[in-house]
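In what follows, a single structure is set out as structure tokens and then discussed.
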Amino acid sequence: MVKLFEPLALRGVTLKNRIVVSPMCQYSAEDGFANDWHLVHLGSRAVGGAGLIIQEATAVSFEGRISPEDLGIWKDEHLPMLRRITDFIVAQGSVPGIQLAHAGRKASTYRPWSGAGEVPLNAGGWPVVGPGDAAFADDYPRPEALDAAGIKKVISDFRAAAGRALAAGYQVVELHAAHGYLLHEFLSPLSNQRTDEYGGSFENRVRLLLEVVAATREMWPDELPLIVRLSATDWTEGGWNADESVQLAALLKTRGVDLIDCSTGGNVPKAPIPVGPGYQVQFAGRIKAEAGIMTGAVGLITTPAEAEAILANGQADLVLLAREFLREPYFPLTAAQELGVEIEWPAQYERAKPRA
């Protein structure tokens, strides 16, 4: 069988194929609440045949949102609409996942089409936190350095969010430790200048993520998979790098993490990133080979042939598509046709299925 359409078992969950909808912020919520946009956006990708659909960065706390319009899961009132979404995804034969996130010093910023940089307090913004008091960029808010109580709250918020995710029907949790958000900020020596047990050495900088993983696993059943998204490199001298990513991935495997979603960048403004088709796949391949953990490849993967080659070459176990899924919600259906694979279509769409 074509690798792209081989099932993949992750603990007690089996994906019907290796095609994953990457988490993509929609910036369309109010007070963290999902709505019909999210139902249709995520539901259409389930109708389109994706094996796993990971919901956008969903804030574990009010202050952990990137923008005022981010999804949230910090209160029980968020759950009924999220449950409606997961029920629909499951009914289409796909697996619902959720990315749990805290934006850290990149919080309280405008959604892309409403402005740039910091949302002022008098315009609906809020105080932000980080490992230190350095802002991400000149037009971003200046964070308050987390103290011991603040770090405990972050860990507690992730733990509670994992419990709510279970109640809402998600079957996969991904922890967002990439793109310059809070957990990544602690990993990178460029953003983490702390001198306590959470800063300095590699062991100290990874401490918060490992504690969040442990707290999440306390609430997340053994039979359900846990994924971590890493930025494998800051693409900047002196920053987080691929060697450290391999070392961390090996640690995460021993802590109950099942797969590393391998992205890059996001922690340094205007980093020299060599963007191009498959530019991040090398990191998925290296982490898979050297850390002995399953990986997902993401980043400008746009064609079935590209996705199949990544899997066939053993560089990753899954491929995650983002913008291509915005352009083509039914990518798996068209990919199957292009690769000569017979797959089941939704009964409602069967009459449009191409025939040999």
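Each value in this text was obtained by applying a stated rule to the coordinates, not by laboratory testing. Only a predicted model underlies this, so the values are computations on that prediction, with no experimental measurement involved. All Cβ positions, glycine included, derive from the backbone under ideal geometry; neighbour counts span all protein chains shown.
Over the range 170-250, all Cα pairs binned in 10 Å intervals from 0 give whole-percent P(r) values of 18, 51, 25, 6, listed from short to long. For the pair T302 and W126, what calculated FRET efficiency results from E = 1/(1 + (r/R0)^6), where r is the Cβ-Cβ distance and R0 = 45 Å, to the nearest 0.05? My answer for the efficiency is 0.80. Working note: Debye formula, equal point scatterers on the alpha-carbon atoms of the chain, no solvent; log10 I(q)/I(0) at q = 0.06, 0.10, 0.13 Å⁻¹ is -0.20, -0.56, -0.98. Multiplying the residue separation of F202 and E144 by 0.36 nm and removing their Cα-Cα distance gives an extension gain of 18.6 nm.
Taking 0.36 nm per residue of sequence separation and subtracting the Cα-Cα distance, how much length would be gained by fully extending the chain between Q337 and A312, in nm to one decimal? Don't skip to the end; give the middle numbers.
Numbers: separation 25, 0.36 × 25 = 9.00 nm, distance 1.80 nm.
Fully extending the segment from Q337 to A312 adds 7.2 nm.
Of the listed peptides 171-180, 68-77, 1-10, what is their order by residue-averaged count of other C-beta atoms within 10 Å, with the highest listed first?
Numbers: 171-180: 25.6, 68-77: 19.8, 1-10: 16.8.
Output ranking for 171-180, 68-77, 1-10: 171-180, 68-77, 1-10.
Classify the range 167-208: rounded, prolate or oblate, from the alpha-carbon gyration tensor (a ≥ b ≥ c, eigenvalue square roots; a/c under 1.5 rounded; otherwise prolate if a/b is larger than b/c)? In terms of gyration-tensor shape, prolate. Straightening the chain between R11 and L210 buys 69.6 nm, computed as 0.36 nm per residue apart minus the Cα-Cα spacing. Taken over the alpha carbons of the range 85-191 as equal point scatterers, the Debye sum produces base-10 log I(q)/I(0) values at 0.12, 0.14, 0.22 Å⁻¹ of -0.51, -0.67, -1.14. Here is the list for the range 254-356: GluC sites (Glu not before Pro) lying in DSSP coil, each with at most 14 other C-beta atoms within 10 angstrom of its C-beta, are E342, E344. Does anyone have the angle between helix 36-47 and the longest principal axis of the chain? Alpha-carbon axes, 0 to 90°, nearest 10? Roughly 50 degrees, rounded to the nearest 10.
Based on the alpha-carbon gyration tensor of the range 1-153, what equivalent-ellipsoid semi-axes (square roots of 5 times the eigenvalues) come out, in whole Å, largest first?
Working: eigenvalues 209, 56, 43 Å².
Working through the eigenvalues yields semi-axes of 32, 17, 15 Å.
May I ask which of K106/K288; K3/K288; K153/K253; K152/K270; K153/K270; K106/K153 have a Cα-Cα span longer than 22 Å here?
Numbers: K106/K288 29 Å; K3/K288 17 Å; K153/K253 25 Å; K152/K270 32 Å; K153/K270 31 Å; K106/K153 18 Å.
Beyond 22 Å: K106/K288; K153/K253; K152/K270; K153/K270.
For the chain, DSSP calls about 10 percent of its internal beta bridges antiparallel.
Given the range 285-356, what whole percent of its Cα pairs are spread farther than 19 Å?
On the way: 1124 of 2556 pairs.
Taking all Cα-Cα pairs of the range 285-356, the fraction more than 19 Å apart is 44 percent.
If a spin label sat at a point 7 angstrom from the Cα of A271 along the line to its beta carbon, no backbone N atom of the range 56-90 would be nearer than 14 Å.
A Cβ-based charge dipole, computed about the Cα centre of the chain with Lys and Arg at +1 and Asp and Glu at -1, lands at about 500 debye. Could you please report the charge total around P304, scoring K, R as +1 and D, E as -1 over all other residues with beta-carbon less than 13 angstrom from its beta-carbon? Summing Lys and Arg as +1 and Asp and Glu as -1 gives -3.
For the range 206-347, report the translational diffusion coefficient in µm²/s to the nearest whole number, using Stokes-Einstein at 25 °C, 0.890 mPa s, and a Kirkwood Rh over Cα pairs. Here the translational diffusion coefficient equals 150 µm²/s.
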